[in-house]
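Just so it is clear, none of the values below were taken in a lab; they were calculated from the coordinates. Everything numeric here is computed off the predicted structure, so don't read it as measured data. Here Cβ is always computed from backbone atoms with ideal geometry, including for glycine, and neighbour counts include all displayed protein chains.
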Amino acid sequence: MTQGSARLATERAASGAGRPRTRISALRSGWPLMLRATAALAPTPVTVWAARSTEAARVHLAAGAAGPLGGDRLRLEVHVGGGSALVLGEIAPTLLLPGPHGAESRLDVRIHVEPDATLAWLPELVIASRHCRHATDVRVVLESGARLLLHEEVLFGRHGEPSGRYRQRIRVETVHGPLYDQELNAGPDAPGWDGPAVTAGHRAAGTVLVVDPLPAAGQDPGAGDTEGGGQPGREPHRTRPGHAPRPGSRTCPTAAREPGTALMRLSPDSALVSALAPDTTTLRRRLDRAVAHLLRPHDQDPAAPEPLGV
Amino acid sequence: MSGNRSAPAAPTAALLMLADGRFPAGGHAHSGGLEAAVAAGRVVDTTTLEAFLRGRAATSGATAAAFAAAACTAAGSGSAKTADTGRTAELDTEYEARTPAPALRAASRKLGRQLLRAARTIRPAPALDALAAALPAGPHQPVALGTVAHTLGLGPHAAAAAALHDAVTGPATAAVRLLGLDPFAVHAVLARLAPELDRLADAADAHAAGTPAHALAAPAAPLLDIFAEHHATWEVRLFAS
Amino acid sequence: MRPDHDDPETQQAHSHPLPGRNAGRLARIPGRPLRIGLGGPVGSGKTALVAALCRSLAGEVRLAVVTNDIYTTEDADFLLRNGVLPTERVRAVETGCCPHTAIRDDISANLEAVEDLEHSLPPLDLVLIESGGDNLTATFSHGLVHHQIFVIDVSGGDKVPRKGGPGVTSSDLLVINKTDLAGQVNADLAVMARDAEDKRGDLPVRFLSLVEDPQAHDITAWVRERLGEDG
């Protein structure tokens, strides 16, 4: 049994002239969770989004051992300081394996994003191998003006094998209260999990959650605000003219054209993409397309239909 | 004395009325995602229906049960006259966070408003007025259900049982209408699900009182969410959700 | 969420022993619109009549429409396409394959739609609630509407009034529609009028041909009378 705890923190670097930068103020690996500061690679829509107002620090998580194995207790703490930006990636997929005594492995992730800070967390695929027993628990607290992009994918069993027991809870709280709280349960203990209400036998599932309360730089933040807030159950919120593209919309072409995907507005400032697919390549393509739609450059008309369909 | 032989029975007549599909709170027009599942070719017969219902009960059914039970307990707490609307509003917010699909949020609030409207006529009670005042846009359906259950003299276990009953009988009835399935075969499915529904109601009941709202169950059903969002864009549909 | 039956006198009225035309009549609540239901079999011309009423009452009455089509928005779309009412004045209610349930057994979705219209478009004088096409037994609950119009048409044959059913016998107004087709389908209007009177006593019956009378003058006049009543 392994117990590992890693901690990562960033802060906004004092800068004279030019764009503000992000400094890594804590980088403590806890075997097998190894943290590595990395150089920026070619920009992606996500890294461009993350670095919108502050140059983002880049860190990768590398597993120092196989697993997690049953019985492991792992913990990752991420603290993104006010005004800073962090892109946290992962080197390789995670293969969840059973331990010798059938004990549950656990990964607890605690994320705190301070005011006006940004986190893009892009863990690699998690594979719930046969007979594994694992629980991931992710808690995110977003302070005022904080931005988040959280991408996760899971594959239910390696090729040709049934899924092990897998639980993954993700909870995001903002200053307005709980925004998102969902636990995906798969494997032998979860009734109906592979049936037509939950995954319908799709082997891969994933979500991308985007919270982005900031108006696009250089645009009038107040114009044409018609959003009611506090009126759930009424018409979906409309895109604000003069704002950065609001994440998600009921009429988004992604929902209309992609059979296993939905782009869902959670609040005026946040959206969830949820996708199911027969394989991880298709899943990644569906999620990436939806993310590109969500994060497309702000000078495009947010209301214009995006040619997402095949 | 005969009273020594068994504990006082839990009220049943009010529970049967509340859980009855004929209770006029608008549930008949909702298929619980079944219409979209049928259109996607995912539910075609009683076997696939059973898998659908099993998954629905364990996910959105379990969430509804947890929140109905907790709302029932909250309605019974506080002073004798006024319910604990702070806790009730918190439950409503937490349920919202567990319902990512806007179409399902809208359907839940609509059903909550309709249930509250019906209940305020059928059995007016201060707790119902307090709920309407605390959540002017309408409470989520499980929150309304739990509060209504309390005003009918029911406890959290009964509220959870009603939520789970509703979670499976709505789609089951829709399957009979949409697929022309044999109603006996469909009820055989429901009978097989009964022990699981009881187990889920027990679990919901166990967390009705002491568990903080944020720690209540949050089981996800990605496909129900995706179905709901696609369904909401259809130009022609028979069911509201 | 506002209870619709909060008037104690209404509660009294619900226990009225007679199953006839005045049993459980919904009381008018001052400041809230008159609600008139339009029911009848599929294809009898309910939507066309609603459109005609909207046109002929436009500018005179602040009105809105709730449709209960089997296919959700079909009727609402007809009204919108024909430019009879702007989008915000039409609400479509899904009925889950059971249009009669939504207007009779479980009226909550319709009450919700009415209240939604009242809330978003105050003040309203009149809400027309069109049922989904159903059969001769479908009628509106007295909890939902103040008056109901039942629409049949001559192409179903002149036996329809004789067959009766609650729509024919006890609706507040029976409309026998498409009289311009009577000759083509060998329907005898005199027989229909006589049978309807047999079934309905002194309750009114009106013949209608929207081809000949696109404004539906008689029906409009009847609706105006209802609007003028104190309720």
- Kirkwood hydrodynamic radius (Cα pairs, Å) of the protein assembly as shown? 28.5 Å
- Query: Along the charge dipole of the stretch A:3-76, Cβ charges K/R +1 and D/E -1, which of A:A14, A:A39, A:L27 sits furthest on the positive end?
  - Reply: A:A14
- Put a dot 7 Å past each Cα toward the Cβ at C:A193 and A:A62; how far apart are the dots in nm? 9.7 nm
- Query: Given only helices, namely DSSP H runs of n ≥ 4 each adding -39500 (n - 2.57), what is the per-residue ellipticity at 222 nm of chain B, to the nearest 500 deg cm²/dmol?
  - Reply: -20000 deg cm²/dmol
- With a Förster radius of 35 Å, plug the Cβ-Cβ distance of C:S155 and B:R199 into 1/(1 + (r/R0)^6) and report the FRET value to the nearest 0.05. 0.05
- Note on the structure: Filtered hits (aspartates and glutamates, Cα-Cα < 12 Å from C:K159, offset >= 8 within chain) -> C:D188, C:D195
- Message: With bins 5 Å wide starting at 0, give me the P(r) of chain C over every alpha carbon pair, in whole percents.
- Response: 1, 7, 15, 20, 21, 18, 11, 5, 2, 0, 0
- Have a look at B:A37, B:A71, B:A106 and tell me which one the Gaussian network model of chain B (Cα, springs below 10 Å) gives the largest fluctuation. B:A106
- Residue-wise, which Karplus ³J(HN,Hα) couplings in Hz belong to the stretch A:51-60, taking 6.51 cos²θ - 1.76 cosθ + 1.60, θ = phi - 60°, and x for glycine or proline? 9, 4, 10, 9, 4, 8, 7, 10, 9, 10
- Query: Between C:H119 and C:Q215, what length in nm is gained on full extension when 0.36 nm per residue of separation is reduced by their alpha carbon distance?
  - Reply: 31.7 nm
- Note on the structure: Fewest-first ordering of A:I91, C:I29 by Cβ atoms within 10 Å yields A:I91, C:I29
- Message: Counting just the Cα atoms, what span does chain B cover along each of its three principal axes? Round to the nearest Å and put the largest first.
- Response: 51, 46, 34
- Message: Show me the ranking of peptides A:162-168, A:136-142, A:261-267 by mean Cβ neighbours inside 10 Å, starting with the highest.
- Response: A:261-267, A:162-168, A:136-142
- Message: Which one, C:P99, C:P161, C:P204, has the greatest fluctuation when you compute a Gaussian network model over chain C with C-alpha springs under 10 angstrom?
- Response: C:P204
- Note on the structure: Given unit charges at Cβ for Lys, Arg (+) and Asp, Glu (-), the dipole magnitude of the stretch B:28-233 about its Cα centre in debye, nearest 20, is 440 debye
- Cα-Cα longer than 19 Å, checked against B:K110/C:K46; C:K178/C:K199; C:K46/C:K178, kept in input order, equals B:K110/C:K46; C:K178/C:K199
